[in-house]
Amino acid sequence: NAGVTQTPKFQVLKTGQSMTLQCAQDMNHNSMYWYRQDPGMGLRLIYYSASEGTTDKGEVPNGYNVSRLNKREFSLRLESAAPSQTSVYFCASRPQGVVTAEQYFGPGTRLTVT
Amino acid sequence: DAKTTQPTSMDCAEGRAANLPCNHSTISGNEYVYWYRQIHSQGPQYIIHGLKNNETNEMASLIITEDRKSSTLILPHATLRDTAVYYCIVRVGNAGNMLTFGGGTRLMVKP
């Protein structure tokens, strides 16, 4: 299994440009998450999807939209990028039917907005 | 979620046990203790979790005090590859499933 994969690995945007970060998992997990990590900081939750067809806001949703395309894929869209969105973005997934909150993370997308 | 307190940084000699403490004095009865680590530039990696009892897996051991107000993650034979930031997270299981990552402990394993 590839686990959680993210594309692209690196991206540079100009202020106002848009882009979509892609995430896919091949573990048949129900729940998926998008986090951001600013330099020297812990991760903060942007959005999550508890199951296919549902999405919910996390701690820092402003400036982002998400789509749970199917059970495997969960994308994050920046409609009009701002320098404050320069960060590393991590996608994660979690298996269904477990009591605890063990999550599996992808390798991250490093985004710079100039 | 219960708040956690961890030291900002720790050093450990290669081959020795690394003991990483975490205080969670406001933990409630249905909250689990999770440990994750993040090696530089990579996504976080799940290590272990526990509720009341001590736990051990192939990566580490988790010791939870009887009153559950603190815990210790033990890496029995630290290697240079264990250099990472270690996060202690307290969370109710299966409740929104969101994880809140604080500052963590930066463990430096030295030769």
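Working only within segment B:2-43, note down all residues that are among the basic types (Lys, Arg), within 23 Å of residue A:41 (Cα to Cα) and surrounded by fewer than 19 Cβ atoms within 10 Å (Cβ to Cβ).
The one that is among the basic types (Lys, Arg), within 23 Å of residue A:41 (Cα to Cα) and surrounded by fewer than 19 Cβ atoms within 10 Å (Cβ to Cβ): B:3.
Is it the case that segment B:61-74 has a residue that's within 23 Å of residue B:40 (Cβ to Cβ) and at pLDDT below 95?
Going residue by residue through segment B:61-74, those that are within 23 Å of residue B:40 (Cβ to Cβ) are B:73-74.
Then drop every residue that is not at pLDDT below 95, which leaves none.
So far as segment B:61-74 goes, no, none of its residues is within 23 Å of residue B:40 (Cβ to Cβ) and at pLDDT below 95.
Of the residues A:5, A:15, which single one is touching a residue at least 24 places away in the same chain (Cβ under 8 Å) and not in a loop (DSSP other than H, G, I, E, B)?
One residue alone meets the criteria, A:5.
Given the conditions (1) at the interface with chain B (Cβ under 10 Å from one of its Cβ atoms); (2) outside any strand (DSSP E or B), which single one is not true for residue A:44?
(2) is the only condition that residue A:44 fails.
Identify the single condition in (1) free of Cβ contacts under 8 Å to residues at least 24 places away in the same chain; (2) within 11 Å of the chain's Cα centre (by Cα) that residue A:62 does not satisfy, given that it satisfies every other one.
(2)
State whether one or more residues within segment A:84-97 are out of contact with any strand residue (DSSP E or B) (no Cβ under 9 Å at 6 or more places or on another chain) and not small (Gly, Ala, Ser).
Checked segment A:84-97: no residue is out of contact with any strand residue (DSSP E or B) (no Cβ under 9 Å at 6 or more places or on another chain) and not small (Gly, Ala, Ser).
Identify, from the list B:69, B:110, the residue that is loosely packed, with under 15 Cβ neighbours inside 10 Å, in contact (Cβ under 8 Å) with a residue 24 or more places away in the chain, over 25 Å from residue B:13 (Cα atoms) and away from chain A (no Cβ under 14 Å). Break it down stepwise before answering.
Numbers: B:110 fails: over 25 Å from residue B:13 (Cα atoms).
Selected residue: B:69, the only one of B:69, B:110 that is loosely packed, with under 15 Cβ neighbours inside 10 Å, in contact (Cβ under 8 Å) with a residue 24 or more places away in the chain, over 25 Å from residue B:13 (Cα atoms) and away from chain A (no Cβ under 14 Å).
Count, please, the residues in segment B:46-60 that happen to be in a loop (DSSP other than H, G, I, E, B), at pLDDT below 95 and surrounded by 15 or more Cβ atoms within 10 Å (Cβ to Cβ).
2
Test residue A:110 against the criterion of being closer than 27 Å to residue B:90 by Cβ and of a type in the set (Lys, Arg), and give yes or no.
When the stated conditions are applied, residue A:110 does not pass them.
The values are calculated or read from the model by the stated rules, or taken from the named source; none is laboratory data. Keep in mind the model is a prediction, meaning the values are calculated, not measured. A quick note on method: Cβ atoms are made from the backbone with ideal geometry, for glycine too, and the neighbour counts reach across all protein chains shown.
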